[in-house]
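The structure under discussion appears below in the form of C-alpha coordinates.
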Amino acid sequence: MSYYPLWEVRMRPLGSPAELERRRLRAIELLQREIPVHVVAERLGVDRRSVRRWKRAYRGRGRGGLRARPAPGRPPKLTTAQRRQLVRLVVAGPEEAGYRTSLWTCRRIVDLIRHQFKVVYHPDHVGRLLRACGFSPQRPQPRAKERDDRRVREWIQQEWPRLKKTPSARRPPDLPR
(Lines give C-alpha, C1' and ligand atoms only; values in the text may rest on other atoms or scores of the structure.)
Protein backbone atom coordinates (compact mmCIF):
# COMPACT_ATOMS: atom_id res chain seq x y z
CA MET A 1 0.00 0.00 0.00
CA SER A 2 1.26 3.47 -0.89
CA TYR A 3 0.88 6.51 1.27
CA TYR A 4 1.10 10.04 -0.10
CA PRO A 5 1.92 13.22 1.77
CA LEU A 6 -1.09 15.48 2.34
CA TRP A 7 0.10 17.93 -0.31
CA GLU A 8 0.26 15.15 -2.93
CA VAL A 9 -3.24 13.74 -2.94
CA ARG A 10 -3.86 11.49 -5.93
CA MET A 11 -7.17 11.94 -7.66
CA ARG A 12 -8.70 9.88 -10.41
CA PRO A 13 -8.43 11.77 -13.72
CA LEU A 14 -11.56 13.02 -15.42
CA GLY A 15 -13.12 10.89 -18.14
CA SER A 16 -14.62 7.48 -18.55
CA PRO A 17 -12.33 4.44 -18.30
CA ALA A 18 -12.56 4.03 -22.10
CA GLU A 19 -11.53 7.66 -22.68
CA LEU A 20 -8.58 7.28 -20.32
CA GLU A 21 -7.49 4.11 -22.10
CA ARG A 22 -7.65 5.91 -25.47
CA ARG A 23 -5.47 8.69 -24.05
CA ARG A 24 -2.87 6.17 -22.83
CA LEU A 25 -2.84 4.40 -26.22
CA ARG A 26 -2.45 7.76 -27.98
CA ALA A 27 0.55 8.50 -25.75
CA ILE A 28 2.20 5.20 -26.75
CA GLU A 29 1.45 5.91 -30.40
CA LEU A 30 3.19 9.29 -30.11
CA LEU A 31 6.14 7.78 -28.22
CA GLN A 32 6.57 5.16 -30.96
CA ARG A 33 6.98 8.05 -33.43
CA GLU A 34 9.93 9.08 -31.22
CA ILE A 35 8.24 12.21 -29.91
CA PRO A 36 9.84 13.17 -26.56
CA VAL A 37 7.99 12.40 -23.32
CA HIS A 38 7.59 16.05 -22.34
CA VAL A 39 6.01 16.89 -25.73
CA VAL A 40 3.60 13.94 -25.47
CA ALA A 41 2.63 15.02 -21.95
CA GLU A 42 2.03 18.58 -23.12
CA ARG A 43 -0.07 17.49 -26.12
CA LEU A 44 -2.26 15.23 -24.00
CA GLY A 45 -2.49 17.62 -21.06
CA VAL A 46 -0.98 15.18 -18.53
CA ASP A 47 2.07 15.03 -16.31
CA ARG A 48 5.36 13.65 -17.69
CA ARG A 49 5.41 11.07 -14.91
CA SER A 50 2.10 9.65 -16.18
CA VAL A 51 3.52 9.26 -19.68
CA ARG A 52 6.61 7.50 -18.28
CA ARG A 53 4.41 5.21 -16.16
CA TRP A 54 2.31 4.29 -19.24
CA LYS A 55 5.48 3.63 -21.22
CA ARG A 56 6.75 1.24 -18.50
CA ALA A 57 3.37 -0.50 -18.31
CA TYR A 58 3.29 -0.94 -22.08
CA ARG A 59 6.84 -2.35 -22.13
CA GLY A 60 6.05 -4.76 -19.28
CA ARG A 61 2.55 -5.97 -20.15
CA GLY A 62 1.85 -4.67 -23.64
CA ARG A 63 -1.54 -3.25 -24.49
CA GLY A 64 -3.02 -5.04 -21.45
CA GLY A 65 -0.97 -2.76 -19.19
CA LEU A 66 -2.91 0.22 -20.52
CA ARG A 67 -6.35 -1.40 -20.40
CA ALA A 68 -9.22 0.52 -18.85
CA ARG A 69 -10.28 -0.60 -15.42
CA PRO A 70 -13.64 0.20 -13.89
CA ALA A 71 -13.76 3.15 -11.53
CA PRO A 72 -13.23 2.11 -7.91
CA GLY A 73 -16.01 2.40 -5.39
CA ARG A 74 -19.65 1.55 -5.20
CA PRO A 75 -21.53 1.81 -8.50
CA PRO A 76 -24.03 4.65 -8.72
CA LYS A 77 -27.62 3.90 -7.71
CA LEU A 78 -29.05 5.81 -10.68
CA THR A 79 -28.05 5.12 -14.28
CA THR A 80 -26.96 7.95 -16.56
CA ALA A 81 -30.38 7.95 -18.25
CA GLN A 82 -32.11 8.13 -14.85
CA ARG A 83 -29.90 11.04 -13.83
CA ARG A 84 -30.82 12.91 -17.01
CA GLN A 85 -34.51 12.25 -16.27
CA LEU A 86 -34.01 13.46 -12.68
CA VAL A 87 -32.50 16.71 -14.01
CA ARG A 88 -35.55 17.24 -16.23
CA LEU A 89 -37.89 16.59 -13.29
CA VAL A 90 -36.02 18.98 -10.99
CA VAL A 91 -35.92 21.71 -13.65
CA ALA A 92 -39.68 21.29 -14.25
CA GLY A 93 -40.19 22.26 -10.61
CA PRO A 94 -41.74 20.82 -7.47
CA GLU A 95 -45.24 22.00 -8.40
CA GLU A 96 -45.07 19.88 -11.56
CA ALA A 97 -44.12 16.93 -9.35
CA GLY A 98 -47.21 17.46 -7.19
CA TYR A 99 -45.94 19.67 -4.37
CA ARG A 100 -47.84 22.80 -3.30
CA THR A 101 -44.85 25.17 -3.12
CA SER A 102 -42.07 25.93 -5.59
CA LEU A 103 -39.25 24.93 -3.25
CA TRP A 104 -37.14 21.79 -3.64
CA THR A 105 -35.83 20.27 -0.43
CA CYS A 106 -33.61 17.21 -0.01
CA ARG A 107 -36.53 15.25 1.42
CA ARG A 108 -38.67 16.12 -1.59
CA ILE A 109 -35.90 15.00 -3.96
CA VAL A 110 -35.63 11.73 -1.99
CA ASP A 111 -39.39 11.20 -2.39
CA LEU A 112 -39.20 12.03 -6.09
CA ILE A 113 -36.37 9.53 -6.65
CA ARG A 114 -38.18 6.85 -4.63
CA HIS A 115 -41.43 7.29 -6.60
CA GLN A 116 -39.90 7.70 -10.06
CA PHE A 117 -36.99 5.25 -9.94
CA LYS A 118 -37.75 2.96 -6.95
CA VAL A 119 -34.34 3.84 -5.47
CA VAL A 120 -33.79 4.92 -1.86
CA TYR A 121 -31.40 7.78 -1.06
CA HIS A 122 -30.71 9.30 2.34
CA PRO A 123 -31.55 13.04 2.42
CA ASP A 124 -28.00 13.87 3.58
CA HIS A 125 -26.55 12.37 0.38
CA VAL A 126 -28.91 13.95 -2.14
CA GLY A 127 -26.82 17.14 -2.22
CA ARG A 128 -23.86 15.20 -3.62
CA LEU A 129 -26.08 13.63 -6.29
CA LEU A 130 -27.53 17.01 -7.28
CA ARG A 131 -24.05 18.57 -7.44
CA ALA A 132 -22.96 15.75 -9.76
CA CYS A 133 -25.99 16.61 -11.93
CA GLY A 134 -24.87 20.23 -12.18
CA PHE A 135 -27.07 21.85 -9.51
CA SER A 136 -25.88 24.04 -6.65
CA PRO A 137 -27.64 24.75 -3.35
CA GLN A 138 -29.79 27.88 -3.43
CA ARG A 139 -31.51 29.73 -0.62
CA PRO A 140 -34.86 31.30 -1.48
CA GLN A 141 -35.24 34.99 -0.76
CA PRO A 142 -37.85 35.48 1.96
CA ARG A 143 -40.68 37.49 0.46
CA ALA A 144 -44.17 38.25 1.73
CA LYS A 145 -46.95 36.71 -0.38
CA GLU A 146 -48.92 39.95 -0.11
CA ARG A 147 -46.04 42.11 -1.41
CA ASP A 148 -46.94 44.47 -4.25
CA ASP A 149 -43.74 45.51 -6.06
CA ARG A 150 -45.44 48.42 -7.86
CA ARG A 151 -46.60 49.97 -4.57
CA VAL A 152 -43.12 49.44 -3.02
CA ARG A 153 -41.50 51.32 -5.94
CA GLU A 154 -44.00 54.16 -5.61
CA TRP A 155 -43.36 54.42 -1.85
CA ILE A 156 -39.58 54.53 -2.39
CA GLN A 157 -39.94 57.29 -5.02
CA GLN A 158 -42.52 59.42 -3.20
CA GLU A 159 -42.47 58.80 0.56
CA TRP A 160 -38.87 57.84 1.27
CA PRO A 161 -37.31 61.18 0.18
CA ARG A 162 -39.82 63.02 2.42
CA LEU A 163 -38.99 60.85 5.46
CA LYS A 164 -35.25 60.69 4.92
CA LYS A 165 -33.18 62.84 7.28
CA THR A 166 -31.38 65.82 5.79
CA PRO A 167 -27.60 66.13 6.18
CA SER A 168 -26.46 67.76 9.43
CA ALA A 169 -25.86 71.53 9.29
CA ARG A 170 -22.95 71.29 11.77
CA ARG A 171 -20.47 69.73 9.34
CA PRO A 172 -19.92 70.07 5.63
CA PRO A 173 -21.83 67.37 3.68
CA ASP A 174 -18.74 66.16 1.80
CA LEU A 175 -16.89 64.95 4.92
CA PRO A 176 -17.29 61.28 5.88
CA ARG A 177 -18.87 60.45 9.22
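The values are calculated or read from the model by the stated rules, or taken from the named source; none is laboratory data. The shown structure was predicted, so the numbers you read here are calculated from the model rather than taken from an experiment. No Cβ is skipped: glycine too gets one built from the backbone with ideal geometry, and neighbour counts run over all protein chains shown. These accessible areas exclude ligands, DNA and RNA; they are computed on the full protein's heavy atoms, side chains included. Shrake-Rupley method; radii C 1.70, N 1.55, O 1.52, S 1.80 Å.
Some observations on this one:
- Restricting attention to segment 69-90 and to residues that are assigned to a loop (DSSP other than H, G, I, E, B) and among the hydrophobic types (A, V, I, L, M, F, W, C), the residue that is farthest from LEU20 (Cα to Cα) turns out to be LEU78.
- Residue in segment 114-126 that is modelled with pLDDT of 90 or more, closer than 29 Å to ARG74 by Cβ, of a type in the set (Ser, Thr, Tyr) and surrounded by 11 or more Cβ atoms within 10 Å (Cβ to Cβ) present: yes
- Odd one out for SER136 among (1) under 13 Å from the mean Cα position of the chain (by Cα); (2) open to solvent by 90 Å² or more (accessible area, probe 1.4 Å): (2)
- VAL91 passes every criterion in (1) in contact (Cβ under 8 Å) with a residue 12 or more places away in the chain; (2) open to solvent by 70 Å² or more (accessible area, probe 1.4 Å); (3) within 22 Å of the chain's Cα centre (by Cα) apart from (1).
- Any hit, segment 94-111, residues being over 21 Å from ARG139 (Cβ atoms), open to solvent by 90 Å² or more (accessible area, probe 1.4 Å) and within 20 Å of the chain's Cα centre (by Cα): no
- Unmet criterion (only one of (1) assigned to a helix (DSSP H, G or I); (2) out of contact with any helix residue (DSSP H, G or I) (no Cβ under 7 Å at 6 or more places or on another chain); (3) among the basic types (Lys, Arg)) for ARG107: (2)
- Complete set of residues in segment 45-80 that are open to solvent by less than 40 Å² (accessible area, probe 1.4 Å), more than 30 Å from VAL120 (Cβ to Cβ) and in contact with a helix residue (DSSP H, G or I) (Cβ under 8 Å, 6 or more places away or on another chain): VAL46, SER50, VAL51, TRP54, ALA57, GLY65, LEU66, ALA68
- Matching residues, segment 17-66, being in contact (Cβ under 8 Å) with a residue 40 or more places away in the chain and within 28 Å of ALA132 (Cα to Cα): PRO17, ALA18, LEU20, GLU21, ARG24, LEU66
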